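I have placed the structure first, in the form of C-alpha coordinates, so that the comments after it can refer back to it.
The values are calculated or read from the model by the stated rules, or taken from the named source; none is laboratory data. In this text, all values refer to a predicted model and were calculated from it rather than measured experimentally. Every residue, glycine as well, gets a Cβ built from its backbone with ideal geometry; the counts of neighbours run over all protein chains shown. Just the protein is used for accessible areas: all its heavy atoms, side chains included, with ligands, DNA and RNA removed. Shrake-Rupley method; radii C 1.70, N 1.55, O 1.52, S 1.80 Å.
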Amino acid sequence: MSGQKIVVLGTGGTIAGTAADAADNIGYKAAQVGVRDLLASIPALSQSEGVAVEAEQVAQVDSKDMDFDIWTRLAARCQHHLDHPAVKGVVITHGTDTLEETAWFLQEVLRCTKPVVLTSAMRPASALTPDGPQNLMDAVALALAPDVRGVFAVAAGEVHGARLVQKAHPYRVNAFASGDGGPLGWMEEGSVRWAPNISVAHESKGRIAMIVIANAVSAPRVEIILSHAGARGSLVDALVRDGVQGLVVACTGNGTIHHALEDALLRAQVAGVRVVRATRCSGGQVLPKPGDLFVDSRGLSPVKARISLMLDLLVGA
Ligand code: SIN
(Lines give C-alpha, C1' and ligand atoms only; values in the text may rest on other atoms or scores of the structure.)
Protein backbone atom coordinates (compact mmCIF):
# COMPACT_ATOMS: atom_id res chain seq x y z
CA MET A 1 0.00 0.00 0.00
CA SER A 2 1.37 3.45 -0.69
CA GLY A 3 0.55 7.00 0.38
CA GLN A 4 -1.84 6.07 3.16
CA LYS A 5 -2.22 7.55 6.59
CA ILE A 6 -3.34 5.86 9.80
CA VAL A 7 -4.05 8.04 12.82
CA VAL A 8 -3.58 6.46 16.24
CA LEU A 9 -5.57 8.17 18.99
CA GLY A 10 -4.36 7.44 22.53
CA THR A 11 -6.73 7.24 25.48
CA GLY A 12 -4.61 5.38 28.08
CA GLY A 13 -5.21 1.89 29.51
CA THR A 14 -2.86 -0.93 30.39
CA ILE A 15 -1.34 -0.76 26.93
CA ALA A 16 0.14 2.53 28.19
CA GLY A 17 0.70 1.25 31.73
CA THR A 18 3.94 0.76 33.66
CA ALA A 19 4.94 -1.29 36.69
CA ALA A 20 8.00 -0.88 38.94
CA ASP A 21 8.88 -4.54 38.32
CA ALA A 22 8.90 -5.93 34.77
CA ALA A 23 7.73 -9.31 36.09
CA ASP A 24 4.60 -7.73 37.62
CA ASN A 25 1.60 -8.02 35.27
CA ILE A 26 -1.03 -6.76 37.72
CA GLY A 27 0.56 -4.25 40.11
CA TYR A 28 0.96 -1.51 37.51
CA LYS A 29 -0.45 1.92 36.89
CA ALA A 30 -2.45 2.28 33.68
CA ALA A 31 -2.16 5.26 31.32
CA GLN A 32 1.46 6.34 31.95
CA VAL A 33 3.11 6.22 28.50
CA GLY A 34 2.10 8.71 25.81
CA VAL A 35 0.78 7.30 22.55
CA ARG A 36 3.69 8.80 20.59
CA ASP A 37 6.15 6.93 22.80
CA LEU A 38 4.14 3.74 22.37
CA LEU A 39 4.44 4.08 18.62
CA ALA A 40 8.12 4.99 18.81
CA SER A 41 8.75 1.73 20.70
CA ILE A 42 7.54 -0.29 17.68
CA PRO A 43 9.98 0.58 14.86
CA ALA A 44 8.19 -1.79 12.45
CA LEU A 45 5.24 0.61 12.45
CA SER A 46 7.21 3.59 11.20
CA GLN A 47 9.03 1.42 8.68
CA SER A 48 5.99 0.26 6.71
CA GLU A 49 6.66 1.60 3.26
CA GLY A 50 4.21 4.20 1.98
CA VAL A 51 2.23 4.25 5.21
CA ALA A 52 2.37 7.22 7.57
CA VAL A 53 1.33 6.48 11.12
CA GLU A 54 0.51 9.59 13.14
CA ALA A 55 -0.36 9.79 16.81
CA GLU A 56 -2.57 12.07 18.86
CA GLN A 57 -3.24 11.92 22.60
CA VAL A 58 -6.97 12.42 23.22
CA ALA A 59 -7.03 11.29 26.85
CA GLN A 60 -4.81 9.44 29.31
CA VAL A 61 -7.01 7.42 31.67
CA ASP A 62 -7.51 4.04 33.21
CA SER A 63 -10.61 3.10 31.23
CA LYS A 64 -12.60 2.32 34.38
CA ASP A 65 -12.80 6.14 34.57
CA MET A 66 -14.02 6.61 30.99
CA ASP A 67 -16.85 9.12 30.71
CA PHE A 68 -19.16 10.93 28.33
CA ASP A 69 -16.85 13.95 27.99
CA ILE A 70 -13.94 11.81 26.78
CA TRP A 71 -16.26 9.88 24.46
CA THR A 72 -17.48 13.14 22.96
CA ARG A 73 -13.94 14.39 22.43
CA LEU A 74 -12.79 11.06 21.04
CA ALA A 75 -15.71 10.80 18.62
CA ALA A 76 -15.05 14.34 17.37
CA ARG A 77 -11.36 13.58 16.76
CA CYS A 78 -12.22 10.29 15.02
CA GLN A 79 -14.72 11.99 12.73
CA HIS A 80 -12.27 14.81 12.00
CA HIS A 81 -9.61 12.35 10.84
CA LEU A 82 -12.01 9.98 9.06
CA ASP A 83 -13.33 12.89 7.01
CA HIS A 84 -9.82 13.59 5.71
CA PRO A 85 -9.29 11.91 2.30
CA ALA A 86 -5.68 10.95 3.09
CA VAL A 87 -6.66 9.01 6.20
CA LYS A 88 -7.26 5.31 5.55
CA GLY A 89 -8.40 4.51 9.08
CA VAL A 90 -8.19 5.36 12.76
CA VAL A 91 -6.73 3.17 15.53
CA ILE A 92 -7.51 3.85 19.18
CA THR A 93 -5.41 2.64 22.09
CA HIS A 94 -7.71 2.01 25.05
CA GLY A 95 -7.99 0.18 28.36
CA THR A 96 -9.62 -3.22 28.12
CA ASP A 97 -12.10 -2.61 30.95
CA THR A 98 -14.57 -0.38 29.11
CA LEU A 99 -13.32 -0.82 25.55
CA GLU A 100 -16.60 -2.45 24.51
CA GLU A 101 -18.54 0.61 25.70
CA THR A 102 -16.38 3.06 23.78
CA ALA A 103 -16.60 0.83 20.70
CA TRP A 104 -20.41 0.86 20.88
CA PHE A 105 -20.58 4.61 21.52
CA LEU A 106 -18.45 5.22 18.42
CA GLN A 107 -20.48 2.77 16.36
CA GLU A 108 -23.61 4.73 17.32
CA VAL A 109 -22.28 8.20 16.53
CA LEU A 110 -19.64 8.05 13.79
CA ARG A 111 -20.42 8.45 10.13
CA CYS A 112 -17.78 6.04 9.04
CA THR A 113 -17.07 4.36 5.76
CA LYS A 114 -13.53 3.61 6.96
CA PRO A 115 -12.23 1.38 9.74
CA VAL A 116 -11.98 2.47 13.35
CA VAL A 117 -10.01 -0.16 15.28
CA LEU A 118 -9.75 -0.15 19.07
CA THR A 119 -6.87 -2.01 20.61
CA SER A 120 -5.57 -2.61 24.10
CA ALA A 121 -3.36 -4.82 26.22
CA MET A 122 -3.68 -7.00 29.29
CA ARG A 123 -0.04 -6.54 30.27
CA PRO A 124 1.59 -3.16 30.86
CA ALA A 125 4.08 -1.67 28.42
CA SER A 126 6.84 -2.37 30.96
CA ALA A 127 6.12 -6.14 31.13
CA LEU A 128 8.74 -8.75 30.18
CA THR A 129 6.46 -9.85 27.35
CA PRO A 130 3.93 -7.08 26.72
CA ASP A 131 1.01 -7.88 24.43
CA GLY A 132 0.41 -4.23 23.44
CA PRO A 133 2.96 -3.90 20.61
CA GLN A 134 1.61 -6.89 18.65
CA ASN A 135 -1.98 -5.75 19.25
CA LEU A 136 -1.13 -2.27 17.99
CA MET A 137 0.58 -3.70 14.89
CA ASP A 138 -2.47 -5.90 14.24
CA ALA A 139 -4.84 -2.95 14.70
CA VAL A 140 -2.88 -0.86 12.19
CA ALA A 141 -2.83 -3.81 9.77
CA LEU A 142 -6.62 -4.18 10.04
CA ALA A 143 -7.08 -0.44 9.51
CA LEU A 144 -5.02 -0.78 6.32
CA ALA A 145 -6.89 -3.84 5.04
CA PRO A 146 -9.12 -3.26 1.99
CA ASP A 147 -12.90 -2.77 2.27
CA VAL A 148 -13.06 -2.70 6.07
CA ARG A 149 -15.62 -0.26 7.44
CA GLY A 150 -17.03 0.42 10.88
CA VAL A 151 -15.83 -0.04 14.45
CA PHE A 152 -13.79 -3.08 15.48
CA ALA A 153 -11.74 -4.31 18.43
CA VAL A 154 -8.48 -6.19 17.87
CA ALA A 155 -6.56 -8.03 20.59
CA ALA A 156 -4.69 -11.30 20.95
CA GLY A 157 -4.95 -11.89 17.21
CA GLU A 158 -8.77 -11.75 17.21
CA VAL A 159 -11.04 -9.27 15.45
CA HIS A 160 -14.35 -8.46 17.14
CA GLY A 161 -17.24 -6.22 16.10
CA ALA A 162 -18.49 -3.30 18.21
CA ARG A 163 -21.93 -4.80 18.81
CA LEU A 164 -20.97 -8.11 20.42
CA VAL A 165 -17.48 -7.61 21.83
CA GLN A 166 -17.22 -8.01 25.59
CA LYS A 167 -14.35 -8.28 28.01
CA ALA A 168 -14.78 -11.86 29.16
CA HIS A 169 -11.73 -12.48 31.35
CA PRO A 170 -9.97 -10.33 33.96
CA TYR A 171 -6.46 -11.70 33.44
CA ARG A 172 -5.71 -13.79 30.38
CA VAL A 173 -4.25 -12.12 27.31
CA ASN A 174 -7.14 -13.15 25.04
CA ALA A 175 -9.62 -11.33 27.26
CA PHE A 176 -12.30 -10.54 24.68
CA ALA A 177 -15.18 -12.61 23.35
CA SER A 178 -18.22 -12.00 21.18
CA GLY A 179 -20.65 -14.43 22.82
CA ASP A 180 -22.63 -16.50 20.32
CA GLY A 181 -21.02 -14.66 17.43
CA GLY A 182 -17.36 -15.47 18.07
CA PRO A 183 -14.57 -13.43 16.53
CA LEU A 184 -15.22 -11.91 13.11
CA GLY A 185 -11.71 -12.86 12.06
CA TRP A 186 -8.08 -13.34 13.01
CA MET A 187 -4.93 -11.28 12.43
CA GLU A 188 -2.18 -13.44 10.98
CA GLU A 189 1.24 -11.96 10.19
CA GLY A 190 -0.20 -8.60 9.17
CA SER A 191 -3.22 -9.92 7.28
CA VAL A 192 -6.79 -10.46 8.35
CA ARG A 193 -8.48 -13.82 7.77
CA TRP A 194 -12.22 -13.33 8.10
CA ALA A 195 -14.41 -16.03 9.56
CA PRO A 196 -16.62 -17.69 6.92
CA ASN A 197 -19.68 -15.68 5.83
CA ILE A 198 -18.61 -12.55 7.67
CA SER A 199 -19.57 -9.16 6.30
CA VAL A 200 -16.72 -6.76 6.97
CA ALA A 201 -18.92 -3.75 6.33
CA HIS A 202 -20.16 -2.89 9.80
CA GLU A 203 -20.50 0.58 8.42
CA SER A 204 -21.66 3.13 10.92
CA LYS A 205 -24.07 5.76 9.65
CA GLY A 206 -24.02 7.81 12.82
CA ARG A 207 -27.44 6.98 14.26
CA ILE A 208 -27.04 9.96 16.56
CA ALA A 209 -25.73 13.15 14.97
CA MET A 210 -22.37 14.26 16.29
CA ILE A 211 -23.63 17.83 16.70
CA VAL A 212 -26.23 16.66 19.23
CA ILE A 213 -23.51 15.07 21.32
CA ALA A 214 -21.15 18.01 20.96
CA ASN A 215 -23.89 20.38 22.13
CA ALA A 216 -25.03 18.22 25.04
CA VAL A 217 -24.55 20.10 28.29
CA SER A 218 -24.40 16.77 30.14
CA ALA A 219 -25.14 13.13 29.47
CA PRO A 220 -28.65 11.95 30.38
CA ARG A 221 -28.54 10.02 33.65
CA VAL A 222 -28.98 6.32 32.91
CA GLU A 223 -28.11 3.68 35.50
CA ILE A 224 -27.82 -0.10 35.37
CA ILE A 225 -29.69 -2.19 37.94
CA LEU A 226 -28.96 -5.88 38.49
CA SER A 227 -31.81 -8.30 39.13
CA HIS A 228 -30.66 -11.06 41.48
CA ALA A 229 -31.93 -13.38 44.20
CA GLY A 230 -33.23 -11.24 47.05
CA ALA A 231 -33.27 -8.04 44.95
CA ARG A 232 -35.20 -5.09 46.36
CA GLY A 233 -36.79 -2.02 44.82
CA SER A 234 -35.50 0.64 47.18
CA LEU A 235 -32.46 1.38 45.00
CA VAL A 236 -34.76 2.14 42.06
CA ASP A 237 -37.01 4.35 44.21
CA ALA A 238 -33.92 6.26 45.42
CA LEU A 239 -32.67 6.74 41.85
CA VAL A 240 -36.05 8.06 40.74
CA ARG A 241 -36.02 10.54 43.63
CA ASP A 242 -32.50 11.51 42.53
CA GLY A 243 -33.67 12.34 38.99
CA VAL A 244 -32.59 9.29 36.99
CA GLN A 245 -33.90 9.44 33.42
CA GLY A 246 -33.32 5.88 32.28
CA LEU A 247 -32.75 2.47 33.84
CA VAL A 248 -31.28 -0.59 32.17
CA VAL A 249 -32.03 -3.79 34.03
CA ALA A 250 -29.48 -6.58 33.78
CA CYS A 251 -32.15 -9.27 34.01
CA THR A 252 -32.01 -12.93 34.82
CA GLY A 253 -32.30 -15.31 31.86
CA ASN A 254 -34.75 -14.22 29.18
CA GLY A 255 -35.40 -10.80 30.70
CA THR A 256 -37.05 -11.83 33.97
CA ILE A 257 -36.88 -9.54 37.01
CA HIS A 258 -37.26 -10.20 40.74
CA HIS A 259 -40.86 -9.27 41.65
CA ALA A 260 -39.83 -6.63 44.22
CA LEU A 261 -37.56 -4.94 41.71
CA GLU A 262 -40.19 -5.22 38.99
CA ASP A 263 -42.76 -3.39 41.16
CA ALA A 264 -40.30 -0.53 41.69
CA LEU A 265 -39.44 -0.43 37.99
CA LEU A 266 -43.12 -0.18 37.10
CA ARG A 267 -43.42 2.76 39.51
CA ALA A 268 -40.38 4.33 37.83
CA GLN A 269 -41.83 3.79 34.36
CA VAL A 270 -45.13 5.40 35.38
CA ALA A 271 -43.10 8.35 36.69
CA GLY A 272 -41.58 8.80 33.20
CA VAL A 273 -38.29 6.92 33.58
CA ARG A 274 -37.32 4.86 30.51
CA VAL A 275 -36.77 1.22 31.47
CA VAL A 276 -34.95 -1.24 29.20
CA ARG A 277 -34.32 -4.94 29.86
CA ALA A 278 -31.08 -6.67 28.86
CA THR A 279 -29.99 -10.13 29.94
CA ARG A 280 -27.21 -10.61 32.45
CA CYS A 281 -26.27 -13.84 30.60
CA SER A 282 -23.00 -13.47 28.70
CA GLY A 283 -24.46 -14.88 25.47
CA GLY A 284 -27.78 -14.68 23.67
CA GLN A 285 -30.38 -11.96 23.95
CA VAL A 286 -33.78 -11.30 25.48
CA LEU A 287 -36.53 -12.68 23.24
CA PRO A 288 -39.56 -10.38 23.53
CA LYS A 289 -43.04 -11.83 23.99
CA PRO A 290 -46.58 -10.42 24.18
CA GLY A 291 -47.36 -8.84 27.53
CA ASP A 292 -43.79 -7.79 28.37
CA LEU A 293 -43.90 -4.90 30.82
CA PHE A 294 -40.67 -3.30 29.60
CA VAL A 295 -38.96 -3.07 26.23
CA ASP A 296 -35.81 -5.11 25.65
CA SER A 297 -32.37 -4.02 24.49
CA ARG A 298 -32.55 -5.82 21.13
CA GLY A 299 -29.48 -7.88 21.85
CA LEU A 300 -27.33 -5.21 23.47
CA SER A 301 -25.54 -6.08 26.69
CA PRO A 302 -26.49 -3.97 29.74
CA VAL A 303 -23.52 -1.59 29.35
CA LYS A 304 -24.20 -1.05 25.65
CA ALA A 305 -27.96 -0.73 26.19
CA ARG A 306 -27.13 2.04 28.67
CA ILE A 307 -25.20 3.93 25.98
CA SER A 308 -27.97 3.59 23.39
CA LEU A 309 -30.61 4.68 25.92
CA MET A 310 -28.48 7.67 26.91
CA LEU A 311 -28.19 8.67 23.25
CA ASP A 312 -31.93 8.12 22.67
CA LEU A 313 -32.72 10.38 25.60
CA LEU A 314 -30.32 12.98 24.24
CA VAL A 315 -32.20 13.20 20.93
CA GLY A 316 -35.60 12.73 22.56
CA ALA A 317 -36.15 9.44 20.72
C1 SIN B 1 -7.97 -0.10 31.74
O2 SIN B 1 -9.01 -0.58 31.32
O3 SIN B 1 -7.61 1.07 31.49
C4 SIN B 1 -7.09 -0.89 32.66
C5 SIN B 1 -7.14 -2.33 32.40
C6 SIN B 1 -6.68 -2.74 31.05
O7 SIN B 1 -6.43 -1.96 30.14
O8 SIN B 1 -6.54 -3.98 30.87
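Going through the range 63-79 one residue at a time, which ones are farther than 15 Å from Gly13 by Cβ, open to solvent by 40 Å² or more (accessible area, probe 1.4 Å) and either of a type in the set (Phe, Trp, Tyr) or without any contact (Cβ under 8 Å) to a residue 24 or more places away in the chain (or both)? Across the range 63-79, the qualifying residues are Asp69, Arg73. Within the range 181-202, the presence of a residue that is open to solvent by 50 Å² or more (accessible area, probe 1.4 Å) and within 16 Å of the ligand (Cβ to nearest atom) is excluded. Within this structure, Gln60 passes the test of being open to solvent by 50 Å² or more (accessible area, probe 1.4 Å), under 17 Å from the mean Cα position of the chain (by Cα), within 12 Å of the ligand (Cβ to nearest atom) and at pLDDT 95 or above.
Of the residues making up the range 203-233, those that are in contact (Cβ under 8 Å) with a residue 24 or more places away in the chain, open to solvent by 70 Å² or more (accessible area, probe 1.4 Å) and not aliphatic (A, V, I, L, M) are Lys205, Arg207, Ser218, Arg221, His228, Arg232. Taking (1) within 16 Å of the ligand (Cβ to nearest atom); (2) under 19 Å from the mean Cα position of the chain (by Cα); (3) surrounded by fewer than 24 Cβ atoms within 10 Å (Cβ to Cβ); (4) among the aliphatic types (A, V, I, L, M) in turn, Leu82 satisfies each apart from (1). Answer with yes or no whether Ala153 is within 16 Å of the ligand (Cβ to nearest atom), at pLDDT 95 or above and small (Gly, Ala, Ser). Answer is yes for this residue. So Pro133 clears everything in (1) away from the ligand (no atom under 15 Å from the Cβ); (2) outside any strand (DSSP E or B) except one condition, right? Which one? Failing condition for Pro133: (1).
Mind checking whether some residue in the range 196-208 is modelled with pLDDT of 95 or more and not in a helix (DSSP H, G or I)? No.
Out of curiosity, is Ala219 touching a helix residue (DSSP H, G or I) at 6+ places or on another chain (Cβ under 6 Å) and either in a strand (DSSP E or B) or of a type in the set (S, T, N, Q) (or both)? Judged against the criteria, Ala219 is not a match. When each of Gly291, Gly272 is tested for being surrounded by fewer than 16 Cβ atoms within 10 Å (Cβ to Cβ), among the small types (Gly, Ala, Ser) and either under 26 Å from Ser218 (Cα atoms) or in contact with a Lys or Arg (Cβ under 7 Å, 6 or more places away or on another chain) (or both), the lone residue that passes is Gly272. For the range 159-180, residues that are assigned to a strand (DSSP E or B), open to solvent by 40 Å² or more (accessible area, probe 1.4 Å) and under 23 Å from Ala127 (Cβ atoms) total 1. Within the range 1-46, being open to solvent by 30 Å² or more (accessible area, probe 1.4 Å) and within 12 Å of the ligand (Cβ to nearest atom) holds for Asn25, Ile26, Tyr28, Lys29, Gln32. Look at the range 21-40: where a residue is not assigned by TED's automatic domain parsing to the domain that holds Asp138 and assigned to a helix (DSSP H, G or I), no partner that is hydrophobic (A, V, I, L, M, F, W, C) and surrounded by 18 or more Cβ atoms within 10 Å (Cβ to Cβ) sits 6+ places away or on another chain with Cβ atoms under 6 Å. Looking at Glu108, Glu49, can you tell me which residue is acidic (Asp, Glu) and buried (at least 21 other Cβ atoms within 10 Å of the Cβ)? None of the others qualify; the one that does is Glu108. I want to confirm something. Restricting to the range 111-148 and keeping residues that are at pLDDT below 95 and under 19 Å from Met210 (Cα atoms), which single residue is least open to solvent (accessible area, probe 1.4 Å)? Taking the candidates together, the pick is Cys112.
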